[in-house]
Every structure is written in C-alpha cells, then in structure tokens.
Amino acid sequence: MTSTNWSFAALLLALAVLVPAASAQSSGSSPNQATSESTYIESKFELATTDPIRDTAFYEKLGFSVVARTSYGYVTLKSGPVVIALSPAAKIDPSDTASLSKLRRPPVGVEIVLYTTENLDEKHAKLKSLGLKPTDIRLQPWGVRDFRLTDPGGYYIRISEGHAIPAN
C-alpha cells in the first residue's frame, strides 16, 4: 500500500493535556493524579508532512492561520479552537520498517472532521475557487450535510455543517 493510500484515513492526536478537576485538587489529590472528573483542556492534531510549506498553504486556504513556526519546519496553525500542527518527516521509505516517519503516518479508519456554522455551499464554492478539489456536498444518512477533500499529504478531511455535538 502506498503512503498516499495509508493517508486516506487521517490523523495523529499529538497532544491532549489532562488536568485534575478543581474538586480533586481541593480534596488533597495530587495535581498529577487523574480522576474520573478530569477534563482535557487543549488538543492539537499533529500531522506528519514531507512538505510543510505546501501543506501550510493548504490549511491557510481552509481558514487556518499560522500561530507558530520553528526553524526546522514545524508549523502550528489555528482556526477557532482547532489547532493543527504540521510536523516535518523524512520521505517514507517503504522498505524501512523501523522508520519513525512511517510509523507516524495516519492510521486507517480515521479522518479529520471540521464543523462549520458558515454557509456550507459558500464555503465549498470558495475552496473550489482557491483551487482545492472538494467532493460534492451530500446529505448523509445521519442527517448532516458535508463534503470531503484530501490535503496534499493525503490526510482525509470532512467538512460538516453544524457542531461536533448536535443540539438535542
């Protein structure tokens, strides 16, 4: 299977900071001890890339802004509460089974889902006008309208109308 085929699924959750809830801290629990009341306060999706410049331009077209950049090519982008980092990885050599870059490729069966409250038809048209190739907008069996596209590194992205947690 080629690296692009592996990439059709998408993403490595790179950072999720776990902190104890206030009630656990006040009860004398250690600040490093997780409880059932713990809450994740931040997350970042770190995507391995062989071309951070190309992929940064793609995510900027999606509406992300660069918020940090290192001298070795690591780029952090943000759109609202969503943070995506592009982590430079050497080209993947399929014969090198011990390659870290190969292990960091996206796992099969995962996709990046971005929700928007903007007009989905307008967002779709804008992305097409910027040279991207989103699929047609479809009403899914679960009642959500969305379209899909793949970033230049092969990460599979779904852009859906609404919110990650639907209203009751």
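Sub-8 Å Cβ pairs linking a first residue in the stretch 71-83 that is more than 16 Å from T49 (Cβ to Cβ) to a second residue that is open to solvent by less than 30 Å² (accessible area, probe 1.4 Å) and β-branched (V, I, T), at least 6 apart or interchain, are K78/I84, ordered by first then second residue.
The rows are residues; the columns are (1) of a type in the set (F, W, Y); (2) modelled with pLDDT of 55 or more; (3) out of contact with any Gly (no Cβ under 8 Å at 6 or more places or on another chain); (4) open to solvent by 70 Å² or more (accessible area, probe 1.4 Å).
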site: A21; (1), (2), (3), (4): no, no, yes, no
site: Q33; (1), (2), (3), (4): no, no, yes, yes
site: Y59; (1), (2), (3), (4): yes, yes, yes, no
site: V83; (1), (2), (3), (4): no, yes, yes, no
site: P88; (1), (2), (3), (4): no, yes, no, no
site: S101; (1), (2), (3), (4): no, no, yes, no
site: R105; (1), (2), (3), (4): no, no, yes, no
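So which residues in the stretch 113-168 are over 18 Å from the mean Cα position of the chain (by Cα) and at positive phi? Answer for the stretch 113-168, where residues must be over 18 Å from the mean Cα position of the chain (by Cα) and at positive phi: G131, G143. For the stretch 55-70, taking the residues that are touching a residue at least 60 places away in the same chain (Cβ under 8 Å) and assigned to a helix (DSSP H, G or I), the one that is nearest to I112 (Cα to Cα) is identified as Y59. With respect to the conditions (1) out of contact with any Ser or Thr (no Cβ under 7 Å at 6 or more places or on another chain); (2) surrounded by 15 or more Cβ atoms within 10 Å (Cβ to Cβ); (3) modelled with pLDDT of 95 or more, K128 falls short on a single one, namely (2).
Return the total of residues in the stretch 148-161 being over 17 Å from F64 (Cβ atoms) and at pLDDT 90 or above.
Going through the stretch 148-161 one residue at a time, the tally reaches 2.
The values are calculated or read from the model by the stated rules, or taken from the named source; none is laboratory data. None of these values were measured; they are calculated from a predicted model. Virtual Cβ from ideal backbone geometry, glycine too; neighbours counted across all protein chains shown. We work out accessible area using only protein heavy atoms, side chains counted, and drop any ligands, DNA or RNA first. Shrake-Rupley method; radii C 1.70, N 1.55, O 1.52, S 1.80 Å.
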